[in-house]
Amino acid sequence: MKYWHGSKTRKLVIVTCLILTIPAFGVADDGELAKASQNPAGDIISLPFEYWHYDGMANSGSADAIMLKPVYPLRIGNINLINRVIIPYLGIDSNTKGSDLGEIDIPPTLSRESGLGNIQYQGFLTPAKPGKIIWGVGPVFELPTNTSGLGSDKWSAGPAAVALSMPGSWVLGALVQNIWSFAGPNREPDVNRFTFQYFINYNISNGWYLTSTPIITADWERSSSDQWTVPFGGGIGKLHRFGKLPVDFKLQAFGNVEKPEGGPDWSMMLAVKFLFPKKTQK
């Protein structure tokens, strides 16, 4: 991880250590808690960290990303507002072409760059007492917080929706959104980007599960032959407790069956999610 310089790494380590000192609120069964963790519309406070590596890009290039994705639900009458923020820190090789890296859109780079990407907020309104089909709708906003040109300088927004079901050992569903730019420098290209993520999880026992959660994207501003990034793959996960603190670990790998010119051939992801369930989630 040659891109993560000392000061940034130290901050991430300090945050992680602080989180480990916070007691969990409940003692839910590991299998049920693992299923609840796999629900993006779930009423659980969580702090996920994700490390992504992308390889096989233009000019034998690669890219890395560390993403912090805190989730904080709020109860508003009979509705839950699920607040989710995506904060990416990126490292990109020189002379790579612009590409969609899952939830991140990267412009072309002329030299090796690392820094903050664009921060994204998602807010899902969901029923506090859902039925067999769990659903949520709400807005998504992307802020031009990038440094070193690692993202668009446009302000963007759009709708988002999620739907899923949790029959037996399965968690099955999808999340979809599209954002359009509405403000920002005229010199910057417009943003019109579609994101679709399906998730298939099968829970085995003792917190172990099989998972596939690829992120499919389309950049509608590109030519029709260069719009789509379609990964295929999956991996394995495990919910483990450190004392009373439940932590969800997940490892996945994906190959891109469709990609824009210069986009990565494959990617891998390691995720660590700290969970803070309520006392009622047992």
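The values are calculated or read from the model by the stated rules, or taken from the named source; none is laboratory data. As the structure is a computational prediction, the values presented were derived from the model and not from experiment. Cβ placement follows ideal geometry from the backbone for every residue including glycine, while neighbour counts extend to all protein chains displayed.
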* Exclusive hit being surrounded by 19 or more Cβ atoms within 10 Å (Cβ to Cβ) and either in a loop (DSSP other than H, G, I, E, B) or modelled with pLDDT under 95 (or both), set G151, G173, G131 -> G151
* To do: Please state which of the following conditions V162 fails to meet, knowing it meets all the rest: (1) crowded, with 19+ Cβ neighbours inside 10 Å; (2) under 24 Å from L116 (Cβ atoms).
  => (2)
* Asked: Within the bounds of segment 230-246, is there any residue that is under 21 Å from A160 (Cβ atoms) and in contact with a strand residue (DSSP E or B) (Cβ under 9 Å, 6 or more places away or on another chain)?
  -> yes
* Asked: Filter segment 257-277 for residues that are surrounded by 14 or more Cβ atoms within 10 Å (Cβ to Cβ) and part of a loop (DSSP other than H, G, I, E, B); which is modelled with the lowest pLDDT?
  -> G262
* **Any chance F182 is over 30 Å from I133 (Cβ atoms), at pLDDT 95 or above and assigned to a strand (DSSP E or B)** => yes
* Quick one: is D43 at pLDDT below 80 and either touching a strand residue (DSSP E or B) at 6+ places or on another chain (Cβ under 7 Å) or under 23 Å from A163 (Cα atoms) (or both)? -> no
* Any strands (runs of 3 or more DSSP E) falling wholly within segment 63-128 and containing at least 3 residues that are at pLDDT 90 or above and either out of contact with any helix residue (DSSP H, G or I) (no Cβ under 8 Å at 6 or more places or on another chain) or surrounded by fewer than 21 Cβ atoms within 10 Å (Cβ to Cβ) (or both) -> 71-76, 79-92, 119-127
* Which residue pairs have Cβ atoms closer than 8 Å, lie 6 or more positions apart in sequence or on different chains, and pair a first residue in segment 155-179 that is touching a residue at least 40 places away in the same chain (Cβ under 8 Å) and farther than 14 Å from Q38 by Cα with a second residue that is assigned to a strand (DSSP E or B) and among the aliphatic types (A, V, I, L, M)? -> Q177/V140; Q177/A160; Q177/A161
* All positions within segment 185-210 that are in contact with a helix residue (DSSP H, G or I) (Cβ under 8 Å, 6 or more places away or on another chain), polar (S, T, N, Q) and either assigned to a strand (DSSP E or B) or farther than 21 Å from K35 by Cα (or both) -> N201, N203
